[in-house]
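Just so it is clear, none of the values below were taken in a lab; they were calculated from the coordinates. This structure is a prediction, so every number in the text was calculated from the model and none was measured. Counting neighbours? That spans all protein chains shown, and the Cβs are built from the backbone with ideal geometry, glycine included.
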Amino acid sequence: MKTLYGADSPQALYDETYENYRRFLNPPLARVMKISGSTIEVRAQGTTIWDHNGKAYLDFAGGYGVFTLGHSHPRVVAAVHAQLELMSLAGKTMFDPLAGRLARELARITPGDLEISFFGNSGTEAVEGALKLARAATKRSKIVATHDAFHGKTLGALSASGRAAFKSAYAPLVPEIVHVPFGDADALAAELDDAAAFIVEPVQGEGGVHVPPLGYLARARELCDRAGALLIADEIQTGLGRCGMPFGCDRDGVVPDVMTLAKGLSGGVVPIGAYIARPSVWNAAYGNAPLMHTSTFGGSPLACAAALAALEVLRDENLIENARLRGEQLLTGACRIVSEYPSVLREARGLGLLVGVELTNEGYGGTIIPEMLKAGVTAAWTLNQQRVIRLEPPLIVAPDEIERALEALRAGVHAAHERLGTLQSDSR
Ligand code: PLP
């Protein structure tokens with residue numbers, strides 16, 4: 001009898017998939033995933049992923065922030081099904097009603113006078129668009145970004161990102177991009193002269209979940225205005241409720257000149273990325289040049305239908321408030337575990353449902369994440385900082401699910417603590 005995905009047995013599906021990764025997709029990733037006990041995800045609904053053996057996992061990696069509505073939210077899936085019957089990709093020689101509606105909706109829900117959108121297919125593409133827009137609008141070339149930032153892995157976004165290990169193989173990168181410490185407004189002030197833009201995440205996600213001092217973005221706003229530079233808020237991970245507020249920049253009441261969005265925007269069902277800009281900025285760049293920045297697939301009817309449905313769900317299910325409340329519960333619980341195991345954990349921090357747990361030694365992650373998987377909970381490292389495990393569940397998460405994840409984290413940390421004890425007695 002065939003199982004899901006047409007394999008003869010669950011084990012055959014695992015063997016085939018592992019072998020395909022090892023030979024044809026990404027050999028070193030195949031090894032790392034095998035060692036960390038990753039199985040195969042075959043189905044997902046709500047906060048749960050099922051693997052090829054039928055084991056259920058509570059998803060606290062959350063697709064690195066994609067699954068804000070949980071997996072396969074029925075209203076988003078229904079909207080996509082209905083749209084699929086009509087048309088999936090736009091021909092783009094004619095107007096597309098859904099792209100227009102989505103742009104109008106984004107203008108309505110984003111802060112201030114952010115109004116004109118561009119749609120691509122991913123976060124990095126949104127960032128590329130924002131950087132290009134800033135250069136074209138200001139006729140300046142310098143971009144200021146922050147140490148440890150993560151903006152994506154295409155060349156422009158990568159150049160603005162912070163982690164040298166991801167960048168050095170590709171030198172020379174896009175010129176005139178400089179980096180300043182995150183959260184340090186004085187360091188920013190020293191670099192802004194003649195800059196086209198400052199690009200910043202309201203909370204650094206992949207850099208290890210760093211929440212800047214309150215007032216940092218407001219100060220950045222003032223400094224950008226004074227220098228004639230644009231403020232680009234990269235809200236790809238922090239936006240649309242993740243931080244327990246509509247957007248990360250709401251924490252400081254700041255209106256950026258350009259905002260980037262992706263991840264949760266289309267409810268985790270069809271990829272989309274977007275930037276939205278002030279009309280003055282957009283017009284300065286492209287007022288007479290409608291085809292300067294385009295994308296064949298960007299903002300497809302399927303993706304826009306998904307995004308429109310996802311934004312409705314976010315509102316109707318009051319998910320931003322749930323993210324705030326559950327985020328407080330998660331952070332409080334994680335801080336308690338930090339105080340129980342100071343030899344393994346240094347700190348827990350975060351905003352809303354973007355929580356990071358910093359280890360005293362990055363090696364412990366290799367025990368904690370597999371132990372959490374064994375306990376049926378997924379979690380993930382942050383991309384630019386392997387010493388931080390992120391907990392980033394869907395915004396629909398329930399109180400008892402937070403407690404289950406905390407129990408799994410405690411079990412993982414306890415295992416790392418025990419291992420540490422064994423290593424110390426072995427070395428005596
Ligand atoms: N910007 C931020 C803040 C991100 O967190 C990410 C991805 O993690 C990106 C940009 C890149 O998005 P994508 O992986 O969709 O290209």
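I want to verify the translational diffusion coefficient of the range 1-156 in µm²/s; compute it with Stokes-Einstein, Rh as the Kirkwood radius over Cα pairs, at 10 °C and 1.306 mPa s.
On the way: Rh = 20.0 Å.
D = 80 µm²/s.
Taking the C-alpha atoms only, the angle from helix 97-109 to the longest principal axis of the chain is near 80 degrees. Where a Cα-Cα gap under 17 Å defines reach, which lysines qualify for residue 132, not counting those fewer than 8 residues away within the same chain? Straight-distance partners of residue 132: 142, 153.
Output the relative contact order of the range 75-316, whole-number percent, from Cα pairs under 8 angstrom with separation of 6+ residues.
On the way: 500 pairs, mean separation 72.3, N = 242.
Across the range 75-316, relative contact order equals 30 percent.
Reducing the range 211-234 and the range 44-119 to their Cα centroids gives an inter-centroid distance of 29 Å. Dimensions of the chain along the principal axes, based on C-alpha atoms and rounded to the nearest Å, stand at 66, 54, 42, largest first. Computed from Cα atoms, the angle from the helix 319-340 axis to the main principal axis of the chain rounds to 50 degrees. Using a 10 angstrom cutoff on alpha carbons, build the Gaussian network for the chain and name the most mobile of 11, 385, 329. Ranking 11, 385, 329 by mean-square fluctuation puts 11 first. Here's how it looks for residue 230: its modeled amide H is under 5 Å from those of 197, 198, which are all 5 or more places away or on a different chain.
Computed extension gain for residue 87 through residue 386, at 0.36 nm per residue and net of the alpha carbon distance, reaches 103.4 nm.
Per residue, the chain reaches -13000 deg cm²/dmol at 222 nm when only DSSP H runs of four or more residues are counted, each adding -39500 (n - 2.57).
As a proxy for reagent exposure, ranking 25, 133, 373, 265 by other Cβ atoms within 10 Å from fewest up yields 25, 373, 133, 265.
DSSP beta bridges confined to the chain are antiparallel in about 65 percent of cases. Counted over the range 75-316 with a bin width of 10 Å, the fraction of Cα pairs per bin, in whole percents, is 8, 34, 36, 18, 4, 0. Compute the long axis of helix 10-20 from its Cα atoms, compare it with the longest principal axis of the Cα atoms of the chain, and write down the angle in degrees, 0 to 90, nearest 10. Tilt relative to the chain: about 50 degrees.
Among 31, 410, the order by Cβ neighbours within 10 angstrom, fewest to most, reads 31, 410. A Gaussian network model of the chain, with springs between Cα atoms under 10 Å, assigns the largest mean-square fluctuation among 380, 165, 411 to 165. With both residues required to sit in the range 75-316, DSSP beta bridges show an antiparallel share near 40%.
Nothing charged except the Cβ atoms of Lys and Arg (+1) and of Asp and Glu (-1): what's the magnitude of the dipole of the chain about its Cα centre? Round to the nearest 20 debye. Intermediate results must be reported in sequence, preceding the final value.
Working: 40 positive and 47 negative charges, 113 e Å.
Charge dipole, the chain, about its Cα centre: 540 debye, nearest 20.
Length gained on full extension, residue 289 to residue 418, computed as 0.36 nm times the residue gap minus the Cα-Cα distance: 40.2 nm. Which one, 256, 181, 27, has the greatest fluctuation when you compute a Gaussian network model over the chain with C-alpha springs under 10 angstrom? Answer for the Gaussian network model of the chain: 27. Mean sequence separation of contacting Cα pairs (under 8 Å, at least six apart), scaled by the length of the chain, corresponds to a relative contact order of 21 percent.
Look at 5, 64 and count the other Cβ atoms within 10 Å of each Cβ; fewest to most, that gives 5, 64.
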